[in-house]
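*Asks:* Shown below is the structure under consideration.
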Amino acid sequence: MKRTRVWALGASSLAVFALGIFGVLSQTIAEEGYYKGKTIKVLTQGGAGGGTDSAARIVARFLPRYLPGNPSTYVQNIPGAGGIPANNYFSRKAKPDGLIIFQAASSSLTQYNRGGKRINYDPRKYIYIGSIRRGGSVLMISKEARKHLKDPKADAVVVGDPDGSRGWLPMPLFGAEYLGWNVRFIVGYSGSADMILALRQGELHMIATANATLINDLVEENVVELVTQQSSERRIDYPNVPTFLEVLGDKRPSGIPWQAYNVWAGPSHLDKFLVVSPGTPAKIVKILREAFEKMVKDPEAMAVTTRFYGPSWVATGAKETEALVKEVTNVSKEVKDYLRKLRKKYGLPKS
């Protein structure tokens with residue numbers, strides 16, 4: 001009986017031990033093997049060849065290196081309207097399973113702040129994986145049009161944009177309002193590649209981008225001059241280009257107008273942010289966030305990102321990104337009203 005009892009206790013202990021091991025192994029397999037054999041769709045609001053599209057393709061290429069199971073990836077572009085269609089699609093279609101990752105951009109926050117019936121998404125509810133900021137956008141003007149910028153009697157400098165929502169537009173808009181810049185706005189371009197072609201052909205005179213590759217190409221071709229940059233400090237790769245704050249000088253507005261400027265320009269500090277849908281299990285979110293942190297430190301990924309964006313880019317973690325989103329989407333009615341009136345004055349779309 002004694003031996004039987006010892007054996008029974010041993011069996012019971014062994015069973016408990018086995019169940020514990022099985023639980024640990026099951027959890028490990030669930031975490032490490034979740035993405036095995038699966039495909040991740042990297043959805044992006046950017047058009048092909050633009051900065052947001054580039055960010056999505058960097059994610060699609062390098063993030064799987066650090067995801068257990070090494071899933072395959074592909075990029076789906078839903079460009080236009082400052083990210084509204086892409087955000088609406090993501091909010092409506094993405095399941096909380098980590099298999100659709102959304103590479104969004106700051107213009108989707110600007111659109112959300114403006115509001116309207118077309119906005120069927122709430123970026124404050126997204127689950128944030130991380131973000132990449134390229135450094136401030138650099139405002140460029142064609143050399144032929146430079147002399148017209150401050151001459152109200154000359155033909156207006158034409159500023160181009162897809163939909164009147166990009167985060168750099170406050171520079172020419174507030175330049176017109178407070179510095180007397182002679183500009184007019186044309187919207188409807190499909191993206192950065194389309195606008196750069198129009199700039200080279202003389203259809204447009206002024207655009208901005210944070211993409212160092214695009215900026216440098218246009219400078220080397222002797223197409224443009226660099227006017228100003230949208231950042232609190234000069235980018236290390238463009239140390240001779242003044243910030244917009246420097247250009248405004250003592251003409252910088254205060255109160256509601258300046259709050260409005262920061263509401264519109266502020267989201268650009270987030271630039272390109274990566275999210276999954278609300279309700280995604282914490283384990284999957286943890287896997288994705290850890291993979292993002294490793295990806296942005298990967299030497300090859302860093303080199304590719306620097307080639308696209310220049311040396312000023314920085315990565316931001318999930319918690320800080322989420323906090324910034326909540327900060328820049330807290331907008332008063334007075335600020336919204338001011339922006340609405342200013343946009344109307346200069347012929348930009350209402351929403």
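*Asks:* List the pairs whose first member sits in region 304-329 and is over 18 Å from Ser107 (Cα atoms), whose second member is among the acidic types (Asp, Glu), and whose Cβ atoms are under 7 Å apart, counting only residues at least 6 apart or on separate chains?
*Replies:* Gly310/Asp237; Pro311/Asp237; Ser312/Asp237; Gly317/Glu293
*Asks:* Just need a number here: residues in region 280-306 that are more than 22 Å from Phe90 (Cα to Cα) and surrounded by 12 or more Cβ atoms within 10 Å (Cβ to Cβ). Working first, answer last.
*Replies:* First, pick out the residues of region 280-306 that are more than 22 Å from Phe90 (Cα to Cα): 290, 293-306.
Next cut, surrounded by 12 or more Cβ atoms within 10 Å (Cβ to Cβ) only: 290, 293-296, 298, 301-302, 304-306.
Count: 11.
*Asks:* Inspect all residues belonging to region 267-285 and state whether any of them is assigned by TED's automatic domain parsing to the domain that holds Gly115, charged (D, E, K, R) and over 22 Å from the mean Cα position of the chain (by Cα).
*Replies:* yes
*Asks:* Of the residues Ile141, Ile101, which single one is farther than 30 Å from Val241 by Cβ and of a type in the set (A, V, I, L, M, F, W, C)? Explain how you work it out, then say what you get.
*Replies:* Working: Ile141 fails: farther than 30 Å from Val241 by Cβ.
Among Ile141, Ile101, only Ile101 is farther than 30 Å from Val241 by Cβ and of a type in the set (A, V, I, L, M, F, W, C).
*Asks:* Which members of region 135-178 meet the condition of being surrounded by fewer than 17 Cβ atoms within 10 Å (Cβ to Cβ) and hydrophobic (A, V, I, L, M, F, W, C)?
*Replies:* Within region 135-178, just Ala154 meets the criteria.
*Asks:* Considering Ile129, Ile119, Ile100, which residue is under 21 Å from Ala55 (Cβ atoms), in contact with a helix residue (DSSP H, G or I) (Cβ under 8 Å, 6 or more places away or on another chain), in the same structural domain as Ala318 (by TED's automatic domain parsing) and surrounded by fewer than 22 Cβ atoms within 10 Å (Cβ to Cβ)? Let's see the steps before the verdict.
*Replies:* Numbers: Ile129 fails: surrounded by fewer than 22 Cβ atoms within 10 Å (Cβ to Cβ); Ile119 fails: under 21 Å from Ala55 (Cβ atoms).
After applying the criteria, what remains is Ile100.
*Asks:* Ok, one more. Just one of Ser13, Ser26, Ser54 is surrounded by 17 or more Cβ atoms within 10 Å (Cβ to Cβ), at pLDDT below 95, part of a helix (DSSP H, G or I) and at negative phi; which is it? It would help to see each step written out before you state the result.
*Replies:* Values: Ser13 fails: surrounded by 17 or more Cβ atoms within 10 Å (Cβ to Cβ); Ser26 fails: surrounded by 17 or more Cβ atoms within 10 Å (Cβ to Cβ).
Answer to the check: Ser54.
*Asks:* Asn222 versus (1) touching a residue at least 60 places away in the same chain (Cβ under 8 Å); (2) touching a Leu at 6+ places or on another chain (Cβ under 9 Å); (3) within 21 Å of Ala145 (Cα to Cα): which is the lone unmet condition?
*Replies:* Going through (1) touching a residue at least 60 places away in the same chain (Cβ under 8 Å); (2) touching a Leu at 6+ places or on another chain (Cβ under 9 Å); (3) within 21 Å of Ala145 (Cα to Cα) one by one, Asn222 breaks only (2).
*Asks:* Tell me the strands (runs of 3 or more DSSP E) entirely within region 154-273 that contain at least 1 residues that are at pLDDT 95 or above and farther than 23 Å from Lys350 by Cα.
*Replies:* Numbers: elements: 157-161, 183-187, 206-209, 224-229.
Answer list for region 154-273: 224-229.
To keep it simple, each residue is scored yes or no on (1) closer than 28 Å to Met171 by Cα; (2) among the small types (Gly, Ala, Ser).
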| residue | (1), (2) |
| --- | --- |
| Val276 | no, no |
| Phe308 | yes, no |
| Thr316 | yes, no |
| Glu322 | yes, no |
| Lys344 | yes, no |
| Gly347 | yes, yes |
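*Asks:* Here is a follow-up. Condition (residue is within 21 Å of Lys326 (Cα to Cα), of a type outside the set (A, V, I, L, M, F, W, C), surrounded by fewer than 17 Cβ atoms within 10 Å (Cβ to Cβ) and touching a residue at least 12 places away in the same chain (Cβ under 8 Å)) applied to region 229-246: is it met by at least one residue?
*Replies:* Yes, that holds for at least one residue.
*Asks:* Anything in region 84-97 that is of a type in the set (Gly, Ala, Ser) and either surrounded by fewer than 24 Cβ atoms within 10 Å (Cβ to Cβ) or modelled with pLDDT under 95 (or both)? List them, or say none.
*Replies:* Here is the first cut: in region 84-97, the ones of a type in the set (Gly, Ala, Ser) are 86, 91, 94.
Those that are of a type in the set (Gly, Ala, Ser) and either surrounded by fewer than 24 Cβ atoms within 10 Å (Cβ to Cβ) or modelled with pLDDT under 95 (or both): Ser91, Ala94.
*Asks:* A further question follows. Give Pro170, Pro152 a once-over and let me know the one that is more than 30 Å from Thr280 (Cβ to Cβ) and within 18 Å of the chain's Cα centre (by Cα).
*Replies:* On the way: Pro152 fails: within 18 Å of the chain's Cα centre (by Cα).
Unique residue meeting the criteria: Pro170.
*Asks:* Determine, yes or no, whether Leu63 is at pLDDT 95 or above, crowded, with 18+ Cβ neighbours inside 10 Å and not in a helix (DSSP H, G or I). Lay out the reasoning, then the answer.
*Replies:* Numbers: at pLDDT 95 or above: yes; crowded, with 18+ Cβ neighbours inside 10 Å: yes; not in a helix (DSSP H, G or I): no.
No; evaluated as a whole, the condition is false for this residue.
*Asks:* Further question on the same structure: Take the residues of region 336-351 that are among the charged types (D, E, K, R) and in a helix (DSSP H, G or I): which is surrounded by the most Cβ atoms within 10 Å (Cβ to Cβ)?
*Replies:* Arg343
*Asks:* Looking at region 275-304, which of the residues that are part of a helix (DSSP H, G or I) and touching a Phe, Trp or Tyr at 6+ places or on another chain (Cβ under 6 Å) is nearest to Asp237 (Cα to Cα)?
*Replies:* Of the residues in region 275-304, the ones part of a helix (DSSP H, G or I) are 282-295, 299-304.
Next, from what is left, pick out any that are touching a Phe, Trp or Tyr at 6+ places or on another chain (Cβ under 6 Å): 291, 294-295, 301.
On the way: Ala291: 28, Lys294: 25, Met295: 23, Ala301: 19 Å.
The extreme case among them is Ala301.
*Asks:* If you scan region 201-212, which residues turn out to be surrounded by 15 or more Cβ atoms within 10 Å (Cβ to Cβ) and over 18 Å from Gly82 (Cα atoms)?
*Replies:* In the first step, residues of region 201-212 are kept if they are surrounded by 15 or more Cβ atoms within 10 Å (Cβ to Cβ); the result is 204-212.
Once the filter is applied, which keeps residues that are surrounded by 15 or more Cβ atoms within 10 Å (Cβ to Cβ) and over 18 Å from Gly82 (Cα atoms), region 201-212 yields Leu204, His205, Met206, Ala212.
Residues are listed down the side, and each one gets a yes or a no for (1) out of contact with any helix residue (DSSP H, G or I) (no Cβ under 7 Å at 6 or more places or on another chain); (2) within 21 Å of Leu226 (Cβ to Cβ):
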site: Arg146; (1), (2): yes, yes
site: Lys153; (1), (2): yes, no
site: Asp163; (1), (2): no, no
site: Met171; (1), (2): no, yes
site: Ala176; (1), (2): yes, yes
site: Gly180; (1), (2): yes, yes
site: Tyr189; (1), (2): no, yes
site: Ala193; (1), (2): yes, yes
site: Ala198; (1), (2): yes, yes
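The values are calculated or read from the model by the stated rules, or taken from the named source; none is laboratory data. Since the structure is predicted, the reported quantities are computational estimates derived from the model, not experimental observations. Because the Cβ atoms are built from the backbone with ideal geometry, glycine has one as well, and the counts that use them run over all protein chains shown.
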